[in-house]
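Coordinate-derived values only; no laboratory data. In this text the structure is predicted, and so the values were computed from the model without any measurement. Reconstructed Cβ throughout: ideal geometry from the backbone, glycine too, with neighbour counts over all protein chains shown.
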Amino acid sequence: MKRGDLYRFYKGSRRDPKQFRVFVVVSRQVLIDSKFSTVICAPIYSSFHGLSTQVPVGIEEGLKHESSIYCDQLISIPKKKLTNYIGTLPPVKTELLNKALLIALDI
């Protein structure tokens, strides 16, 4: 598992009409490689509103259609539940993700 990897994850939430959602791992690599059981992830939605905290992604990253990473909705997910690998972000998209996270976290 690496920072920038995309995984399909079963959420099982009644509040979210989609039982499965794609997430991108945003934790630093040191944490991912550690004994900690969870990693921080950002959800990917099929909508894009042009916000500075959203990163457009799509077929090039292994998705079925154009979507965007929502950096304002970070969550912690157990590593052992991230088993359905989709793809990984290319360096250009990783840089956009870094900038969006800085904005989302007001750093």
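Report the far tail of the P(r) of the stretch 5-104, meaning the percent of Cα-Cα pairs longer than 18 Å.
Of all Cα-Cα pairs in the stretch 5-104, 44 percent lie more than 18 Å apart.
Which one of Leu97, Phe36, Val26 has its Cα pushed farthest toward the positive end of the charge dipole of the stretch 5-104, where Lys and Arg give +1 and Asp and Glu give -1 at the Cβ?
The residue sitting most towards the positive pole is Phe36.
Report relative contact order for the stretch 35-84 in percent, whole number only (criteria: Cα-Cα under 8 Å, sequence separation at least 6).
So the answer I get is 46 percent.
For the chain, what is the relative contact order in percent, using Cα pairs closer than 8 Å and at least 6 residues apart in sequence?
For the chain, the relative contact order is 29 percent.
Please compute the modelled spin-label separation between Asp33 and Lys99, points set 7 Å along Cα→Cβ, answer in nm with one decimal.
My value for the distance between the label points is 2.8 nm.
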